[in-house]
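Shown next, in structure tokens, is the structure this report addresses.
The values are calculated or read from the model by the stated rules, or taken from the named source; none is laboratory data. Small disclaimer: the values here were computed from a predicted structure and weren't measured. Virtual Cβ from ideal backbone geometry, glycine too; neighbours counted across all protein chains shown. These area figures cover heavy atoms from the full protein model, side chains too; ligands, DNA and RNA do not enter into them. Shrake-Rupley method; radii C 1.70, N 1.55, O 1.52, S 1.80 Å.
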Amino acid sequence: MQIDLSGEDPDPKLLPSEEVEKILCELFSDKEKNFLQVDKKEWIEAFRKEIAKFLQNRGFVIGEDELLITNGVKEGIYLLSDLFSQNSIGSEEPTSPDFISTMNFRGIRTQPVPWDEEGLMTEVLEKRLKALKIWADPIKYLYVTTVNNPTGLIMTRERKKTLLEIATDFDLTIVEDDTYGSLTYDITPQPSLKSLDKEDRVIYVSSLSKLIFPGIRLGVLVAQGENLKKLISLKKEINRRNSSLDQLVFNEMLRRGIVESLMEKSRLLYRRKRDLVFENIVEHFPSYVSCIKAKGGLSAFCRGERPLPLKELDIKVDLGEKFFFSPDRGSNSFRLSFSRVGEDEVGSAIRELGEAIRALERTFRY
């Protein structure tokens with residue numbers, strides 16, 4: 001069977017099948033309510049209250065009227081692209097392939113800014129903003145993540161503060177994608193960029209279900225004022241509402257503490273697997289392939305000193321070109337995910353990947 005180290009679905013052992021089954025049985029045992037009907041106001045209000053309370057874990061307090069529930073973080077990004085459409089925008093790089101694909105689909109010009117060990121390189125951003133202002137092509141929006149996908153690096157508090165200062169100086173709106181913000185290993189989850197925002201310059205998006213139960217498609221978007229009104233109007237035109245059943249199930253998972261418990265189990269399991277992956281990378285990968293030790297997220301990001309013909313591999317990994325606006329910049333890199341592979345399979349999977357890369361070296365005469 002082919003080894004699959006691509007994608008970032010949760011470890012099957014973490015899926016809350018029994019808990020969800022119990023919640024569904026309880027919901028449908030109430031014969032007076034038809035949960036297969038469209039959402040009712042009181043159901044959704046209860047859910048929004050739970051979400052607002054849940055987001056306090058990310059360091060900020062919001063009103064329920066600042067929330068837009070989406071069908072996953074991808075829909076949130078697509079909705080936001082309507083705000084971007086009249087402007088060129090800035091973005092970290094490498095970054096989420098979902099964001100890149102949406103910008104490409106919408107034909108939106110994007111100015112990439114690189115990351116380093118502490119987050120988005122704010123010195124590079126500031127120089128670029130000054131140059132674009134001179135060229136009369138100012139950036140109005142900037143997309144960043146708190147835990148970078150694919151590198152697993154975490155933006156530091158100091159870098160976040162500098163970023164917000166730049167946003168004030170250049171009148172920027174920042175879109176913070178916090179999908180992996182709660183999944184960190186060597187330090188406790190850090191407060192979101194939104195938690196430091198005193199001027200309502202940060203629009204917050206995240207997945208509610210990706211790390212827990214991806215079969216439920218739920219995300220959250222936090223914005224204010226005219227931006228939120230525009231996004232709500234667009235959402236109504238696309239699909240009017242989200243699945244009421246998804247919201248009811250997730251509401252019960254939040255209310256009963258299931259989500260919080262699963263996140264704690266996830267951090268412990270994925271940290272063990274992260275450590276196993278890097279122990280085996282050191283032992284089995286050739287010296288010309290280096291990998292960034294993830295501080296969060298579900299993957300390792302690796303780069304060769306020269307181009308790697310990874311499409312020839314029998315082992316599935318995510319090619320680095322997916323994470324760059326110009327695919328050539330990712331031609332010698334790849335992301336390998338440790339989320340789905342079992343703890344007892346990690347060592348053999350990384351060993352076989354290392355052997356496969358060495359075989360490519362011999363075949364293509366590096």
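Quick notes on this one:
- Distances between placed amide hydrogens fall under 5 Å for Glu92 paired with Val113, Tyr143, all partners being 5 or more residues away or on another chain.
- For the stretch 122-179, fraction of C-alpha pairs farther apart than 15 Å, in %: 51
- Label-to-label distance, nm, for residues given as Ser29 and Ser348 (7 Å Cα→Cβ offset): 4.3
- Using alpha carbons only, the radius of gyration of the chain set against its Kirkwood radius gives Rg/Rh = 0.98.
- Helices in the chain, meaning DSSP H runs of at least 4 residues, each add -39500 (n - 2.57). Divided by all residues, the mean residue ellipticity at 222 nm is -13000 deg cm²/dmol.
- Contour minus Cα-Cα distance for Glu355 and Lys41 (0.36 nm per residue): 107.3 nm
- FRET efficiency for Asp314 and Met121, using Cβ-Cβ distance with R0 set to 41 Å, rounded to 0.05: 0.65
- Taking other residues whose beta carbon is less than 15 angstrom from the beta carbon of Gln2, and scoring Lys, Arg as +1 and Asp, Glu as -1, yields -4.
- At 0.890 mPa s and 25 °C, Stokes D of the stretch 122-256 from Kirkwood alpha-carbon radius, µm² per second: 146
- Net charge dipole size for the chain [Lys, Arg +1 and Asp, Glu -1 on Cβ; Debye, nearest 20]: 480
- Solvent exposure of the chain amounts to 47 Å² per residue of accessible area, where only protein heavy atoms count and the probe is 1.4 Å.
- FRET efficiency estimate (nearest 0.05) - Cβ-Cβ, Asp275 to Lys161, R0 30 angstrom: 0.45
- FRET efficiency, 1/(1 + (r/R0)^6) with R0 41 Å, evaluated for Arg109 and Lys13 via beta carbons: 0.45
- Length gained when the stretch Gln56-Lys265 is fully extended (0.36 nm per residue, less Cα-Cα span): 73.2 nm
- Residue among Ile203, Pro214, Leu183 farthest towards the positive dipole end of the stretch 160-217, charges placed on Cβ: Pro214
- Arg48 contributes about 50 Å² of solvent-accessible surface, heavy atoms of the protein only, 1.4 Å probe.
- Relative to the compact-globule estimate of 2.2 N^0.38 Å, the Cα radius of gyration of the stretch 235-366 comes out at 1.36.
- The number of Lys pairs in the stretch 1-133 with C-alpha atoms less than 23 Å apart, excluding pairs fewer than 8 positions apart on the same chain, is 15.
- The chain: Cys lacking any partner C-beta under 4.7 angstrom: Cys25
- For the stretch 226-366, the residue among Ile258, Ile292, Ile350 whose Cα projects farthest onto the positive side of the dipole built from Cβ charges is Ile258.
- Between the stretch 279-302 and the stretch 215-246, the Cα center-to-center distance that results, in Å: 37
- Straightening the chain between Asp137 and Gln86 buys 17.3 nm, computed as 0.36 nm per residue apart minus the Cα-Cα spacing.
- Only helices reaching 15 angstrom along their own axis (Cα) with mean Kyte-Doolittle hydropathy no lower than 0.5 count here, and for the DSSP H runs of the chain these are 73-84.
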